[in-house]
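Contents: one structure, followed by commentary.
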Amino acid sequence: MSDYGDGAKVLLCHISVVRMTVHYRSCNLCEASCGLQITVENNRILDIRGDVKDPMSQGYVCPKGIALADLHEDPDRLRQPLRKRSDSEWEPIEWDEAFDLVAERLLEVRRRHGDDSIGMYLGNPITHGWAPVTLIPLLLKALRTRHRYSAASVDQQPQHLLSYLLFGSPLLLPVPDIDRTAHLLVIGANPMVSNGSIMTAPDMRRRLRALRERGGRLVVIDPRRTETADLADEHHFIEPGTDVLLLAAMVHTLFAENLTRLGKAGAYVDGVDSIRAMVEPFSPDAVASRTGIDADTIRRIARDFATAPSAAAYARLGVCQTEFGTTAYWLVHVLNILTGRLDSKGGWMFALPAFDLPVIGAKTTDLIGYDRWRSRVKGLPEFAAEFPSITLADEILTPGEGQVRALILYAGNPVLTVPDGRRMDRALDDLEFCVSVDFYLNESNRHADVILPPTAVLEREEFDVVFGAVSVHNHVRFGEQILEAGPDTRSDAQILLELLWRIDADRVGQRRARIAHAVRTKFFPRRFVDAALRVGPWGVRKGRRGLSLAKIRKAPHGMDLGPLQSVLPQRLMTSDRRIQLDHPVVLADWSRVRALLTSEEERVSFLLIGRRHLRSNNSWMHNYPRLLSGTNRCTLFMHPEDADRGGHSTGSEVTISSGIGEIDAEVYVTDAIKPGVVSLPHGWGHSGRASAGRTAQTTGGSSVNDITDATRFDPLSGNAAVTGLPVHIRAR
Ligand SMILES: Nc1nc2c(c(=O)[nH]1)N[C@H]1C(S)=C(S)[C@@H](COP(=O)(O)OP(=O)(O)OC[C@H]3O[C@@H](n4cnc5c(=O)[nH]c(N)nc54)[C@H](O)[C@@H]3O)O[C@H]1N2
Ligand SMILES: Nc1nc2c(c(=O)[nH]1)N[C@H]1C(S)=C(S)[C@@H](COP(=O)(O)OP(=O)(O)OC[C@H]3O[C@@H](n4cnc5c(=O)[nH]c(N)nc54)[C@H](O)[C@@H]3O)O[C@H]1N2
Ligand code: SF4
Ligand SMILES: [Mo]
């Protein structure tokens, strides 16, 4: 059970029969994947702290990592399958009965309404589990449905789409070489709080301080002076939703001032000339008033970026969650590529992961592609065999052939996390059948007929198969099982395998399905991952022993595989191993960007943005007193000038309204936000709704997604545009 390999300490305490053991593994609550040192006594966690020997996190841990103990002890966490008896009543049932019931009901819906009547929504935590990542593609295949949705389309879909279009795999995602760069430009991301996203880089404070100590520069563009901005050399407030204009003007400046120099990328990048013409109208003077950043500043930050010895532009949600998510993020690539930062030390680089998901994902599944079919109600393009989550409610509520009548809700909470949550709530209620795989009851799976709760993270083995691909330093680490799961519990892997063979039996018959199940049970996820490691970039090569799971397990603190390396053009997965920078998909959207430049500025009273908190994780982890301690985290940040004008002050209650609905919030006055902009975090508003436990019920706040608008999205990727929402605010 525990890891007795090099360096692991096993302390046997002989006072009474207490057995105390110390274990090392990484935290999988967020992408930072910090190393933890966990002391366990009689199957209970005594202590969690940072593992100082972890090559990546070096002892750093955030409060959520420590609260893993609370997750394990939480009496409100589900441990046995539940079947719904009435609106508010659930009864526990046996596992086999639950699996049979779920398969029977799903297949019944399919027989009645066809393949596309079953939908699946995948929540954020699936990326943190090797079982869901490796097994869900098989389940989707067995389900034969086009109705696949995930949290990715409220998050990073523009980044995946561009990686697919430019580099040939949605998972070939460049990251800033943060530990060696001389200049980091952060646009619409707050890694000091989010701990880095699509950039595995634990302990951001240490890394950003080191950047400045070696004489580097940190520049932040954000409508809020964030915790990251506080550490920066300069921060510029930007009008929400206008990054596409700012970035176009920066690229314009590169051409105007003769600052483009592709470096070695010049040998495999095409289409630079048409970009010069595209950005021509976007001079810094033309975009200054729209963005709120003056023209001289735009020119200077472009120049500073281009002339720094090394530099990387990094953007996340503040760019992706806008109506120009893909074109704006494309300009981030353009900026990096035209200044020679792609694949170069201290620049915009690719990790070389031991489990090579970018290659495995693109080569072994039929999921990869764009616009091969369209969604039924809104006609939106599929991407990677998924439809945008903003249209899931439409597909459930709109009658006709292909209507979603049953849903598998896997580790997600779309009622609180997808725009127009109240409509999502109605949609889930309208389903004929819903099964949820989740260890909490939440605002979404309260509509489920059956809930299948998997074991929690420390009760299972774990190996990161995703974030190695976006790490700022190559490394690998295995997580041993640390706590015994109860006698009658199932892991995510077991749940998926049990559902899979029962669905498969419908096609191939019971006998064959059971044989396939026996084989898969032996193979997934451990042997599959081991096999992938052996053939991966760090696997067996001529004259080299290479990595295997067994070898990785012998290093309880993980293995350091060294700094990022140059991998292009070999690693490109486009058919000609070249990058077509002026990709037709992006070009087709350019008229919209031009229209934004010339359109009359709409006068709205406020633009609403979100934010994150170190002690919260999207819509969950709100049931642990250690993380919450009675404060209302869901307050509305407002600039003092705006507060004065509206007669609001810290603590006063307001109603926020959009075209979609109204919610209430408590004001918090701060000059850290741009005038005219207000900020409210998502994932709250548990009180009074069936939700994740008793403490969560006391946390207050509202769900911002009750007023976000599902008709605001990026048309290329279908990603939700939750930021920059026009709202009105009045005193309550
Ligand atoms: N307005 C607004 N909306 C947003 C965002 C925003 O910034 N603003 N952010 C968006 C982003 S980036 C994201 S990623 C989404 C998140 O949206 P979702 O993925 O829909 O929601 P989460 O809150 O992450 O819900 C995770 C659920 O998974 C369960 N869970 C945790 N671990 C496991 C596990 O190991 N196995 C299983 N089976 N279940 C588990 C938890 O109990 C919880 O119920 O929200 C999006 N929504
Ligand atoms: N503690 C904690 N950590 C988390 C999470 C969590 O819930 N809690 N969630 C995890 C998840 S799922 C994700 S995807 C990542 C997200 O990681 P990040 O993207 O770093 O997270 P955010 O804090 O949402 O940062 C977005 C920033 O964009 C700014 N912004 C909003 N609109 C605009 C705009 O129009 N333009 C510009 N330039 N900026 C804008 C916001 O003010 C905010 O500072 O965090 C992950 N880490
Ligand atoms: S930053 Fe916190 S939540 Fe994220 S991996 Fe590290 S300890 Fe876990
Ligand atoms: Mo996310």
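Which numbered condition trips up Ser150, out of (1) farther than 30 Å from Arg110 by Cβ; (2) within 16 Å of ligand 1 (Cβ to nearest atom)? Condition (1) is where Ser150 drops out.
Yes/no matrix, rows are residues, columns are (1) more than 21 Å from the chain's Cα centre (by Cα); (2) within 28 Å of Glu234 (Cβ to Cβ):
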residue: Thr655; (1), (2): yes, no
residue: Pro675; (1), (2): yes, yes
residue: Val678; (1), (2): yes, yes
residue: Pro681; (1), (2): no, yes
residue: Ala696; (1), (2): yes, no
residue: Ser703; (1), (2): no, no
residue: Asp709; (1), (2): no, no
residue: Leu716; (1), (2): no, no
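Checking each residue in segment 36-53 for being in contact (Cβ under 8 Å) with a residue 40 or more places away in the chain and buried (at least 16 other Cβ atoms within 10 Å of the Cβ) picks out Ile38, Val40, Ile45, Asp51, Lys53.
Yes/no per residue for (1) among the β-branched types (Val, Ile, Thr); (2) surrounded by fewer than 20 Cβ atoms within 10 Å (Cβ to Cβ):
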{"site": "Leu162", "(1), (2)": "no, no"}
{"site": "Ile178", "(1), (2)": "yes, no"}
{"site": "Leu184", "(1), (2)": "no, no"}
{"site": "Arg206", "(1), (2)": "no, yes"}
{"site": "Ala229", "(1), (2)": "no, no"}
{"site": "Gly241", "(1), (2)": "no, no"}
{"site": "Asp270", "(1), (2)": "no, yes"}
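Filtering segment 115-125 for residues that are within 16 Å of ligand 2 (Cβ to nearest atom), buried (at least 21 other Cβ atoms within 10 Å of the Cβ), among the hydrophobic types (A, V, I, L, M, F, W, C) and on the phi < 0 side of the Ramachandran plot leaves a non-empty set. Give me a count of the residues in segment 75-89 that are in contact (Cβ under 8 Å) with a residue 12 or more places away in the chain, assigned to a loop (DSSP other than H, G, I, E, B) and away from ligand 1 (no atom under 16 Å from the Cβ). Qualifying residue count, segment 75-89: 1. Selection of segment 386-407 for residues being surrounded by 19 or more Cβ atoms within 10 Å (Cβ to Cβ) and of a type in the set (A, V, I, L, M, F, W, C) yields Phe387, Ile390, Leu392, Ala393, Ile396, Val404, Ala406, Leu407. Pro675 passes every criterion in (1) more than 22 Å from Leu317 (Cα to Cα); (2) surrounded by fewer than 18 Cβ atoms within 10 Å (Cβ to Cβ); (3) touching a helix residue (DSSP H, G or I) at 6+ places or on another chain (Cβ under 9 Å) apart from (1).
Evaluation of Arg146 against the conditions (1) away from ligand 2 (no atom under 13 Å from the Cβ); (2) assigned to a helix (DSSP H, G or I); (3) not hydrophobic (A, V, I, L, M, F, W, C) shows that the sole unmet condition is (2). Of all the listed residues (Met120, Met199, Met192, Met204), the sole one being within 16 Å of ligand 3 (Cβ to nearest atom), aliphatic (A, V, I, L, M) and in contact with a strand residue (DSSP E or B) (Cβ under 6 Å, 6 or more places away or on another chain) is Met199. For Val535, state whether it is surrounded by fewer than 19 Cβ atoms within 10 Å (Cβ to Cβ), touching a helix residue (DSSP H, G or I) at 6+ places or on another chain (Cβ under 7 Å), at pLDDT below 95 and not assigned by TED's automatic domain parsing to the domain that holds Asp51. Spelling it out, it is not the case that Val535 is surrounded by fewer than 19 Cβ atoms within 10 Å (Cβ to Cβ), touching a helix residue (DSSP H, G or I) at 6+ places or on another chain (Cβ under 7 Å), at pLDDT below 95 and not assigned by TED's automatic domain parsing to the domain that holds Asp51.
Looking for something farther than 18 Å from Val133 by Cβ, surrounded by 15 or more Cβ atoms within 10 Å (Cβ to Cβ) and out of contact with any helix residue (DSSP H, G or I) (no Cβ under 6 Å at 6 or more places or on another chain) - is there at least one such residue anywhere in segment 484-497? Yes, segment 484-497 has at least one match. Restricting to segment 708-725, name every residue that is outside any loop (DSSP other than H, G, I, E, B) and more than 10 Å from ligand 1 (Cβ to nearest atom). Within segment 708-725, just Phe713 meets the criteria. For segment 281-302, a residue qualifies if it is touching a helix residue (DSSP H, G or I) at 6+ places or on another chain (Cβ under 7 Å) and surrounded by fewer than 16 Cβ atoms within 10 Å (Cβ to Cβ), and the qualifying residues are Pro281, Asp285, Asp294.
Tell me yes or no: at least one residue of segment 364-383 is buried (at least 24 other Cβ atoms within 10 Å of the Cβ), within 21 Å of the chain's Cα centre (by Cα) and in contact (Cβ under 8 Å) with a residue 60 or more places away in the chain. Scanning segment 364-383 turns up at least one residue that is buried (at least 24 other Cβ atoms within 10 Å of the Cβ), within 21 Å of the chain's Cα centre (by Cα) and in contact (Cβ under 8 Å) with a residue 60 or more places away in the chain. Scanning segment 61-83 for residues that are away from ligand 3 (no atom under 12 Å from the Cβ) and closer than 30 Å to Leu101 by Cβ yields a total of 12. Number of residues in segment 20-74 that are part of a helix (DSSP H, G or I) and away from ligand 4 (no atom under 16 Å from the Cβ) equals 9.
The values are calculated or read from the model by the stated rules, or taken from the named source; none is laboratory data. Predicted model only: the values in this text are computed from it and were never measured. All Cβ positions, glycine included, derive from the backbone under ideal geometry; neighbour counts span all protein chains shown.
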